[in-house]
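Heads up: the structure comes next, in structure tokens.
The values are calculated or read from the model by the stated rules, or taken from the named source; none is laboratory data. As the structure is a computational prediction, the values presented were derived from the model and not from experiment. Using ideal geometry, Cβ is built from the backbone for each residue, glycine included, and neighbour counts are taken over all protein chains shown. For the accessible areas, the whole protein counts, side chains as well, though only heavy atoms, and no ligand, DNA or RNA atoms are used. Shrake-Rupley method; radii C 1.70, N 1.55, O 1.52, S 1.80 Å.
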Amino acid sequence: MSALLEAHGLNLRFGAVPALEDVSIEVHPGEVVAIVGESGSGKTTLLRVLSGMMRPDSGEVRYRDPDGAVHVIHAMGEAALRQLHRTDWGFVHQNPRDGLRMRVSAGGNIGERLMATGARHYGRIRTEATEWLRRVEIDPERIDGMPALFSGGMQQRLQIARTLVTRPRLVFMDEPTGGLDVSVQARLLDLIRALVADLGIAVVIVTHDIAAARLLAHRLLVMRRGQVVEQGLTDRVLDDPQHEYTQLLVASVLAA
Amino acid sequence: MTALGYNFGYLDENTKRMIRRALLKAVAIPGHQVPFGAREMPLPYGWGTGGIAVTASVIGTGDRLKVIDQGADDTTNAVSIRRFFAKVAGVATTESTAEATIIQTRHRIPETRLREGQILVYQVPMPEPLFRLEPRVAETRRMHALADYGLMHVKLYEDIARHGHVAISYNYPVLVGGRYLMSPSPIPAFDNPKMDRMPALQLFGAGREKRIYAVPPYTSVRSLDFEDHPFQPVRADAPCALCGSRESYLDEVLTDDQGGRMFVCSDTDYCNTRQTHREAAE
Ligand SMILES: Nc1ncnc2c1ncn2[C@@H]1O[C@H](COP(=O)(O)OP(=O)(O)O)[C@@H](O)[C@H]1O
Ligand SMILES: [Mg+2]
Ligand SMILES: [Zn+2]
């Protein structure tokens with residue numbers, strides 16, 4: 001397996017609702033894959049299944065670790081999966097409150113993953129946190145500030161810093177710019193793009209924003225009612241959409 | 001049965017067996033909290049019911065029991081627990097740390113070094129070291145199972161960021177045997193180093209939460225810290241006003257209502273013994 005992450009034939013139903021129907025996806029090292037589609041099409045469900053947070057009814061997700069060993073995600077023990085989540089993987093939630101500790105300072109939030117993986121030197125944790133605040137364009141003077149006092153955009157940037165500090169190889173992001181003002185969204189997207197390119201990390205990002213997908217993603221998956229209706233290189237899919245649903249999506253962006 | 005109609009040690013044999021099984025498990029997995037079922041003790045929680053249940057399950061006719069509360073043998077709580085066991089187990093009691101075979105304690109470790117063969121039984125109000133940081137019990141269990149203790153270090157980090165040092169003077173969290181995060185019960189952080197590789201067996205009983213845990217003899221007990229902010233046990237910078245000790249943990253006591261105060265050993269047996277030796281030498 002040359003891909004970093006590979007899923008085949010994923011199916012998941014919530015009662016009568018087919019949230020995933022025969023979904024397959026591959027993510028290669030350093031690649032940004034966007035999942036687009038209307039609300040309720042199964043994007044979040046796919047992300048949760050890929051990251052092992054939810055079990056599919058059928059299908060398999062496999063991950064290749066830094067040593068080249070391949071793991072079947074849903075067959076891994078909880079301890080191993082947690083270890084993966086706090087080292088090699090990251091997850092950026094749409095709502096920063098789900099990804100941050102609101103009663104812990106910005107520095108403590110960034111330091112948590114370092115400490116969880118064995119960092120025991122306060123001064124070095126501090127230096128690293130300062131450096132990451134700078135990288136996500138938060139004034140390092142606010143290192144001891146509480147995230148509750150940060151703006152929505154700052155909270156989201158802090159969540160990104162906290163996730164990237166251990167330099168994961170694969171990061172899942174669920175609508176990281178959702179719920180933010182348009183101008184704030186643009187700045188955050190630029191930041192994500194720069195960091196991802198700089199660190200060479202692979203990203204699976206869910207968005208319903210076609211423009212964001214075009215800016216960030218190498219490849220695009222279009223979902224509708226639990227199915228992947230079209231996938232391919234971002235420019236190809238958006239400039240020459242084959243499926244009529246994709247054509248509709250692209251047309252609606254152009255019209256707006 | 002004793003003459004008074006109690007079973008030896010008050011608890012019935014089934015309950016004692018159940019607690020002993022939990023104790024064996026606890027000794028086998030140092031620092032790991034083991035649940036136990038027990039009948040209610042004749043004392044309200046907060047009076048050391050967990051410690052009493054443990055003592056009742058390990059005590060035998062040949063034992064000599066010492067009970068301390070905040071280091072003192074003569075507080076109401078210590079006296080009533082000692083009387084309780086003298087009555088229901090007919091055992092000898094003592095105030096001497098060196099002579100005791102079992103020491104039940106609340107909030108202190110004796111200053112006199114414990115030796116092999118002795119058992120130190122701690123009364124524990126809250127066994128879960130993570131409960132302030134993570135209120136969900138299922139989640140704290142998962143954290144213990146996976147040795148996922150980053151969150152406790154986050155708490156220490158926050159203390160240093162805010163106060164310049166770790167602001168925990170009691171119940172300072174420890175890692176036992178390099179594996180389990182453990183609450184040492186509300187002993188002063190000053191006492192933590194005494195737990196490390198102690199030759200005596202340390203047993204912990206939490207009555208309300210119905211948990212038992214243990215540190216077998218010579219087990220490593222490390223207070224959590226950072227390389228550049230090492231753990232520092234604090235002690236008032238004064239000699240004991242009664243025995244002159246510069247090593248013991250001190251209580252500050254008021255001597256009058258004019259704000260007069262002095263520092264004396266919290267461990268009354270240690271202090272008395274030192275005073276007696278001093279007088280003998282004079
Ligand atoms: N936990 C759940 N229980 C029941 N239905 C769910 C659950 N999660 C999602 N769904 C349903 O599955 C479908 C896909 O949801 P979701 O993956 O959240 O879509 P998206 O993220 O694309 O908006 C929707 O119809 C949604 O209502
Ligand atoms: Mg969603
Ligand atoms: Zn003294």
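Do you know which residues of region B:127-169 lose at least 30 square angstrom of accessible area in the protein assembly compared with their chain on its own, with a 1.4 angstrom probe?
Listed in order, they are B:Arg142, B:Leu146, B:Asp148, B:Gly150, B:Leu151, B:His153, B:Val154, B:Tyr157, B:Glu158, B:Ala161.
I need the Debye-formula profile for chain B: one equal scatterer per C-alpha, no solvent, reported as log10 I(q)/I(0) at q = 0.08, 0.15, 0.16 1/Å, two decimals.
Calculated log10 I(q)/I(0) at the listed q: -0.35, -1.17, -1.30.
Volume per residue, Å³, of the convex hull around the alpha-carbon atoms of region B:130-171?
68
Could you size up the charge dipole of the protein assembly as shown around its Cα centre, putting +1 on the beta carbon of Lys and Arg and -1 on that of Asp and Glu, and report it in debye to the nearest 20?
1180
Mind checking region A:124-198 for GluC sites (Glu not before Pro) that DSSP puts in a loop (not H, G, I, E or B) and that have at most 11 other Cβ atoms within 10 Å?
Passing sites in region A:124-198 do not exist.
Mind checking the per residue accessible area of region B:235-282 for me, 1.4 Å probe, whole number of Å²?
Per residue, region B:235-282 has an accessible area of 65 Å².
Would you give the gap between the C-alpha center of region B:49-121 and the C-alpha center of region A:93-128, rounded to a whole Å?
Each part's Cα centre sits 44 Å from the other's.
Calculate log10 I(q)/I(0) of the protein assembly as shown for q = 0.05, 0.06, 0.07, 0.12 Å⁻¹, where I(q) comes from the Debye formula with a single equal point scatterer on each Cα and nothing for solvent.
-0.31, -0.43, -0.55, -1.07
How long are the three semi-axes of the equivalent ellipsoid for region A:183-256, computed from the Cα gyration tensor as the root of 5 times each eigenvalue, in whole Å, largest first?
Those come to 23, 15, 11 Å.
Ranked by accessible surface with a 1.4 Å probe, highest first, in what order do B:Glu227, B:Glu128 come?
The residues order as B:Glu227, B:Glu128, largest area first.
If amide hydrogens are placed 1.01 Å from N in the peptide plane, which non-local residues have theirs closer than 5 Å to the one on B:Tyr172?
B:Ala189
Tally the DSSP beta bridges in the protein assembly as shown and give the antiparallel ones as a percent, rounded to 5.
Among the beta bridges of the protein assembly as shown, antiparallel pairing accounts for roughly 55 percent.
Which trypsin sites (Lys or Arg not before Pro) does region A:25-125 hold that lie in a coil by DSSP with at most 13 other beta carbons within 10 Å?
A:Arg103
When the Debye formula is applied to the Cα atoms of region B:123-282, each taken as the same point scatterer, what base-10 log of I(q)/I(0) results at q = 0.13, 0.18 Å⁻¹?
-0.75, -1.19
Could you bin all the Cα-Cα distances of chain A into 5 Å bins starting at 0 and give me the percent of pairs in each, rounded to whole numbers?
1, 6, 13, 17, 19, 17, 13, 8, 4, 2, 0, 0
Taking springs between alpha-carbon atoms closer than 10 angstrom, which of B:Ala189, B:Ala138, B:Ala78 fluctuates most in the Gaussian network model of chain B?
Looking only at B:Ala189, B:Ala138, B:Ala78, the largest GNM fluctuation is found for B:Ala138.
Looking at chain B, identify the longest residue range that excludes and avoids all trypsin sites (Lys or Arg not before Pro) in DSSP loops having at most 15 other Cβ atoms within 10 Å.
Longest site-free region, per DSSP loop and neighbour criteria: B:40-112.
Accessible surface of B:Cys265 in the full protein assembly, 1.4 angstrom probe, to the nearest 10 Å²?
The value for B:Cys265 is about 10 Å².
Whole number in Å², please: accessible area per residue of region B:114-198, 1.4 Å probe, ligands, DNA and RNA not counted.
Spelled out: the 1.4 Å probe surface of region B:114-198, per residue, equals 39 Å².
Have a look at A:Ala116, A:Ala212, A:Ala161 and tell me which one the Gaussian network model of chain A (Cα, springs below 10 Å) gives the largest fluctuation.
A:Ala116
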